[in-house]
Amino acid sequence: MRVRYRVVIERRADGVVAYGTLHGSHSNLRPIWIEPDAQLRLANGRRLAISLTDLVEDVAEFESTGPVGSL
């Protein structure tokens, strides 16, 4: 499924984290929201382990669940 995304990378005391939003159809985002873990494949081909934390209509919020590394 294709989505538009916005990713924020932040360095914190305990490491680097990522969070942001996904924009897509509610019917496609809902199954991902129900699952505990998903992967977001970025435009550069890298993958980011994420978990959706909120879903309102066609916009979902997510946070990283694994190592972020350099994106």
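No value in this document is a laboratory result; all are computed from the given coordinates. Just so you know, these numbers come straight off a predicted model, no measurement behind them. Cβ coordinates were reconstructed from backbone atoms using ideal geometry, including for glycine residues, and neighbour counts include every protein chain displayed.
Tabulated values for the structure
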quantity	calculated
Strands (runs of 3 or more DSSP E) enclosed by the chain - at least 1 residues per element that are among the charged types (D, E, K, R) and in contact with a Gly (Cβ under 8 Å, 6 or more places away or on another chain)	4-12, 59-64
Single residue of the stretch 7-39 satisfying the filter (touching an Asp or Glu at 6+ places or on another chain (Cβ under 6 Å) and in contact (Cβ under 8 Å) with a residue 40 or more places away in the chain) that is nearest to residue 55 (Cα to Cα)	21
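One line per residue, one yes/no per condition, for (1) charged (D, E, K, R); (2) over 13 Å from residue 2 (Cα atoms); (3) exposed (fewer than 13 other Cβ atoms within 10 Å of the Cβ):
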position: 17; (1), (2), (3): no, yes, no
position: 26; (1), (2), (3): no, no, no
position: 33; (1), (2), (3): no, yes, no
position: 38; (1), (2), (3): no, yes, no
position: 48; (1), (2), (3): no, yes, no
position: 53; (1), (2), (3): no, yes, yes
